[in-house]
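Handing you this structure, nothing more for now.
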Amino acid sequence: MTVSLEVSEVSKRFDTGPSSVEVLRSVDLTLAGGDAIAVTGPSGSGKSTLLHLIGTLEQPSTGTIEIDGIDPFGLPEKVLARFRNQRIGFVFQEHHLLPHYSVLENVVLPTLAHRGDASGENKDTRDRARTLLDRVGLSHRLDHRPAELSGGERQRTAVARALINQPTLLLCDEPTGSLDPETATSVGELLLELHDGAESLTGRKTITLVVTHSMELAARLPRRFELHDHGLVEATS
Ligand code: ADP
Ligand code: MG
């Protein structure tokens, strides 16, 4: 499978009652497996909106988005939900872990949706979850509840959960925004490590897109883009 992302002439406006807010105008972005980029821009510039569009959580007002050569918005709703579950991993500023489940269970959960059978989890997914949790440095926390973890450990769990279905796209929205500087640095390093090592984990290269306020995190990524005046431009330095 060819891993690709093609955003063409995408615009997004929100129509709220009589008023209309234009957020994105004519955004183009072409990425291939192995690409990792940062998207920066002031608060309210449309970073999360862009991530939601690429993550197929919202539809563009105009323009097209193709993921691995497929137009997700042309898919029936249920097929789109499965497509999203299998090809896209999300990491948000807040971890969104389920409090009553263990670390291991939280990571396994996304594999239970859209299986098309009632067999529940299998040994392979548990093993994959353990391997991932080992990679994020949490093998000693498998049976802990999220409340028993530090902020950094919770975010590491969220990263493992995002990768459990071996997505082709890893989308992160301010992934270090709630962490202290030291922890933020280590979670940033982890994201890049996992991006670079994706092929050994999943058998293919992934595309990683990180929305961030943090210039330190942005500087670690191979390419940087900035949302400016509703458009997306690649930073030259
Ligand atoms: P950022 O993540 O860069 O801070 P957002 O993408 O969250 O920016 O928001 C960009 C603009 O779009 C803001 O002006 C925000 O108020 C507006 N916006 C975002 N989502 C909605 C929505 N669902 N309805 C109306 N306006 C929205
Ligand atoms: Mg945002």
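The values are calculated or read from the model by the stated rules, or taken from the named source; none is laboratory data. Keep in mind the model is a prediction, meaning the values are calculated, not measured. Quick reminder, even Gly has a Cβ in these numbers, built from the backbone with ideal geometry, and neighbours come from all protein chains shown. Surface areas here come from the heavy atoms of the whole protein model, side chains and all, with no ligands, DNA or RNA. Shrake-Rupley method; radii C 1.70, N 1.55, O 1.52, S 1.80 Å.
Considering only residues that are buried (at least 17 other Cβ atoms within 10 Å of the Cβ) and assigned to a helix (DSSP H, G or I), which ones fall in the stretch 203-237?
If the condition is that a residue be buried (at least 17 other Cβ atoms within 10 Å of the Cβ) and assigned to a helix (DSSP H, G or I), then LEU217, ALA218, ARG220 are the ones that fit.
Per-residue answers, yes or no, for (1) open to solvent by 10 Å² or more (accessible area, probe 1.4 Å); (2) closer than 24 Å to LEU190 by Cβ; (3) within 12 Å of ligand 1 (Cβ to nearest atom); (4) in contact with a strand residue (DSSP E or B) (Cβ under 9 Å, 6 or more places away or on another chain):
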| site | (1), (2), (3), (4) |
| --- | --- |
| GLU6 | yes, no, no, yes |
| VAL10 | no, no, no, yes |
| GLU22 | yes, no, yes, yes |
| ILE70 | yes, no, no, no |
| GLU77 | yes, no, no, no |
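Could you please find all residues in the stretch 51-89 being within 13 Å of ligand 2 (Cβ to nearest atom) and in contact with a Leu (Cβ under 6 Å, 6 or more places away or on another chain)?
LEU51, GLY55
Hey, SER20 hits all of (1) in a helix (DSSP H, G or I); (2) modelled with pLDDT under 95; (3) among the small types (Gly, Ala, Ser) but one; which does it fall short on?
All conditions are met except number (1).
Ok, one more. Among the residues of the stretch 27-41, are any within 16 Å of ligand 1 (Cβ to nearest atom) and surrounded by fewer than 16 Cβ atoms within 10 Å (Cβ to Cβ)? Let's see the steps before the verdict.
Initially, the stretch 27-41 is screened for residues within 16 Å of ligand 1 (Cβ to nearest atom), giving 27, 29, 37-41.
Restricting the remaining residues to those that are surrounded by fewer than 16 Cβ atoms within 10 Å (Cβ to Cβ) gives none.
Within the stretch 27-41 (the criterion being within 16 Å of ligand 1 (Cβ to nearest atom) and surrounded by fewer than 16 Cβ atoms within 10 Å (Cβ to Cβ)), the answer is no, since none of the residues qualifies.
Let's see how each residue does on (1) closer than 17 Å to ILE37 by Cα; (2) under 17 Å from the mean Cα position of the chain (by Cα):
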{"position": "ARG154", "(1), (2)": "no, yes"}
{"position": "THR157", "(1), (2)": "no, yes"}
{"position": "ALA160", "(1), (2)": "no, yes"}
{"position": "GLU189", "(1), (2)": "yes, yes"}
{"position": "HIS195", "(1), (2)": "yes, yes"}
{"position": "GLU216", "(1), (2)": "yes, no"}
{"position": "GLY231", "(1), (2)": "yes, no"}
{"position": "THR236", "(1), (2)": "yes, no"}
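Quick one: is LEU169 at pLDDT 95 or above, of a type outside the set (Val, Ile, Thr), closer than 26 Å to ALA113 by Cα and in contact with a Lys or Arg (Cβ under 8 Å, 6 or more places away or on another chain)? Steps first, answer last, please.
Values: at pLDDT 95 or above: yes; of a type outside the set (Val, Ile, Thr): yes; closer than 26 Å to ALA113 by Cα: yes; in contact with a Lys or Arg (Cβ under 8 Å, 6 or more places away or on another chain): yes.
Yes: the conditions hold for LEU169.
Being part of a helix (DSSP H, G or I), open to solvent by 30 Å² or more (accessible area, probe 1.4 Å) and in contact (Cβ under 8 Å) with a residue 24 or more places away in the chain: is that true of ASN106 here?
Working: part of a helix (DSSP H, G or I): yes; open to solvent by 30 Å² or more (accessible area, probe 1.4 Å): no; in contact (Cβ under 8 Å) with a residue 24 or more places away in the chain: yes.
So ASN106 fails the test.
Considering every residue within the stretch 162-180, establish whether at least one is touching a residue at least 40 places away in the same chain (Cβ under 8 Å), within 16 Å of ligand 2 (Cβ to nearest atom) and on the phi > 0 side of the Ramachandran plot.
yes
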